[in-house]
């Protein structure tokens, strides 16, 4: 089920790598959100993509923008992944109920039990403004995210 641009983004409440609760609605009226679903921590393409975001932190973390990575890994796995790679943005665990946020965004792969690569740009009002969904083996481009953020 694909989400429609211009509609309200599904809210969620997930635990970050430190066990803290993060809600999408907490950013409403405050920040644009780059929501990045990824299949699995510690895998090649996922690590490369998230490290690119880390390296481009001025584009994806500012007074106006927050980046949230989401996978079906546990928060403990995500904590180890973030520490190893030096991620300063939140990685959120969609472990239980398993894949509920990924399902709400139409990026959960039932047979594999993981999220595929989906990125969603959500404006300060909580409205979906841009999205791209790729298969698990297809990397995404940060340039596309930058262009979508610049258009807000």
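Taken as a whole, the stretch 121-133 holds at least one residue that is without any contact (Cβ under 8 Å) to a residue 24 or more places away in the chain, within 24 Å of residue 2 (Cβ to Cβ), within 13 Å of the chain's Cα centre (by Cα) and assigned to a strand (DSSP E or B).
Annotation note: of 92, 68, the sole residue that is over 23 Å from residue 150 (Cα atoms), at pLDDT 95 or above, in contact with a helix residue (DSSP H, G or I) (Cβ under 9 Å, 6 or more places away or on another chain) and outside any helix (DSSP H, G or I) is 92. So which of 78, 35, 3, 50 ends up being closer than 19 Å to residue 133 by Cβ and assigned to a helix (DSSP H, G or I)? Result: 50 is the single residue among 78, 35, 3, 50 that is closer than 19 Å to residue 133 by Cβ and assigned to a helix (DSSP H, G or I). With respect to the conditions (1) without any contact (Cβ under 8 Å) to a residue 60 or more places away in the chain; (2) within 14 Å of the chain's Cα centre (by Cα); (3) part of a loop (DSSP other than H, G, I, E, B); (4) surrounded by fewer than 18 Cβ atoms within 10 Å (Cβ to Cβ), residue 97 lacks only one, and its number is (2).
The values are calculated or read from the model by the stated rules, or taken from the named source; none is laboratory data. Treat the numbers as computed from the prediction; the structure is a model and nothing was measured. Note that each Cβ is placed from the backbone with ideal geometry, even for glycine, and that neighbours are counted across all protein chains shown.
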